[in-house]
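The values are calculated or read from the model by the stated rules, or taken from the named source; none is laboratory data. Small disclaimer: the values here were computed from a predicted structure and weren't measured. Methodologically, a virtual Cβ is constructed for each residue, glycine included, from the backbone with ideal geometry; neighbour enumeration extends over all protein chains shown. These area figures cover heavy atoms from the full protein model, side chains too; ligands, DNA and RNA do not enter into them. Shrake-Rupley method; radii C 1.70, N 1.55, O 1.52, S 1.80 Å.
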Amino acid sequence: MRIFGVILAGGEGRRMGGVDKALLPLAGQPLIAHVLDRLEPQVERVLISANGDPARFGRFGCTVVPDARPQGPLSGILAALLKAGESGATHLVSTPVDTPFLPGDLVPQLLMAAKGATGGLAYAADPTGDHPATALWPVMLAPALSGFLAAGEAKVTRFAAAQGAARAVFPDPRAFANLNTPEDLALAEALLKGTA
Ligand SMILES: Nc1nc2c(ncn2[C@@H]2O[C@H](COP(=O)(O)OP(=O)(O)OP(=O)(O)O)[C@@H](O)[C@H]2O)c(=O)[nH]1
């Protein structure tokens with residue numbers, strides 16, 4: 001088993017004011033660096049899923065994979081699955097770029113949950129709900145995902161349900177808290193500095 005990671009950074013960040021969320025400063029480092037620090041020790045290699053000039057991510061030392069056609073997080077997951085497969089990976093773990101509290105046991109918990117799923121797909125959940133963009137994807141799912149997107153579908157939850165995906169439930173209600181607005185960013189800053 002060879003597991004790569006992908007950080008999904010291809011969104012438009014409209015609720016954040018149309019900025020590149022990946023590079024927003026949080027507690028002294030770009031948001032994406034928080035996610036990378038937590039994901040990198042758990043996988044063989046991390047890819048960044050993003051469109052536009054890849055040079056802005058040069059300092060992180062990860063291969064940047066563009067979407068064939070931006071169509072939401074699943075288009076980034078498909079491009080990364082294809083890239084990971086070409087590079088010899090058997091699995092990919094995806095996470096949004098705006099989840100700075102990602103658990104240190106994300107990958108082992110997803111792997112354990114995936115044993116109960118026929119197609120081998122498992123996604124994360126916490127007491128606040130499901131987080132289907134944070135998931136373990138067998139590279140072999142690429143053709144099914146490609147067909148799903150080609151049919152005009154884009155919802156991760158619908159693909160997960162169609163695949164009989166398993167849920168890995170994490171106890172921390174902040175495990176997958178994502179930063180959509182400037183207020184979310186300010187709260188995360190306070191939490192990381194211990195002032196909230
Ligand atoms: N590769 C890729 N990633 C995407 C795309 N759309 C969203 N994402 C990523 O998927 C994750 C969840 O996205 P959202 O929070 O729903 O959207 P967002 O664009 O970041 O923010 P809003 O514009 O405010 O909805 C984020 O990490 C995004 O960067 C896309 O079309 N392609």
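Numerical summary
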{"read-out": "Nitroxide proxy distance, nm - points 7 Å out along Cα→Cβ at GLU40 and SER87", "value": "1.4 nm"}
{"read-out": "Scattering profile of the stretch 3-193 at q = 0.10, 0.14, 0.17, 0.18 Å⁻¹ [log10 I(q)/I(0), Debye over alpha-carbon scatterers]", "value": "-0.36, -0.73, -1.11, -1.26"}
{"read-out": "Mean accessible surface per residue for the chain, computed with a 1.4 Å probe while every protein chain stays in place, in Å²", "value": "45 Å²"}
{"read-out": "With every protein chain in place, the stretch 3-193: carbon and sulfur % of accessible area (1.4 Å)", "value": "56 percent"}
{"read-out": "Qualifying lysines (Cα of each under 20 Å from Cα of LYS193; at least 8 residues distant if same chain)", "value": "LYS21"}
{"read-out": "Antiparallel DSSP beta bridges within the stretch 3-193, as percent of all bridges there, nearest 5", "value": "40 percent"}
{"read-out": "Förster radius 25 Å - calculated FRET efficiency between ARG158 and PHE60, Cβ distance, rounded to 0.05", "value": "0.20"}
